[in-house]
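These notes concern the structure reproduced below.
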Amino acid sequence: MPTEFLDRFEVPELLRLPAWADPQVVRSASTVAIVVSLIALVLAIRIIRRLLLRAVVVVVLAALSIGLWEQRANLADCAVDCSCAVFGQPLVVPAELNPNCTAA
């Protein structure tokens, strides 16, 4: 899925992320979330018997995994330009990652 498509949508800032939620922590957490959603996907396929419900759960979990992967990929380079955000929620880039970024 091209990034340009996702960049057209602006998500309002719903809450302020805690100070410990820097890009590296969020990137690691999103990796764990991807693995957990893939495990849930496999369990859903094995446990859920009704075809329609199974299809809905599989699509939702697959979309979640793709969205998390896209956000994780964006976090790889955002510390350079001090503009990190996860699903539209801004992240503070710590001085250790880029001394030119100031904490607001």
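So here's what we get for this one:
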item: Simple label model, 7 Å out from Cα along Cβ direction - Asn100 to Val35, nm; result: 3.4 nm
item: Added length on full extension, which subtracts the Cα-Cα distance from 0.36 nm per residue, Trp69 to Leu53; result: 3.3 nm
item: Reduced Cα scattering model of region 18-90, Debye log10 I(q)/I(0), q = 0.15, 0.16, 0.23 Å⁻¹; result: -0.56, -0.61, -0.94
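Coordinate-derived values only; no laboratory data. Just so you know, these numbers come straight off a predicted model, no measurement behind them. Counting neighbours? That spans all protein chains shown, and the Cβs are built from the backbone with ideal geometry, glycine included.
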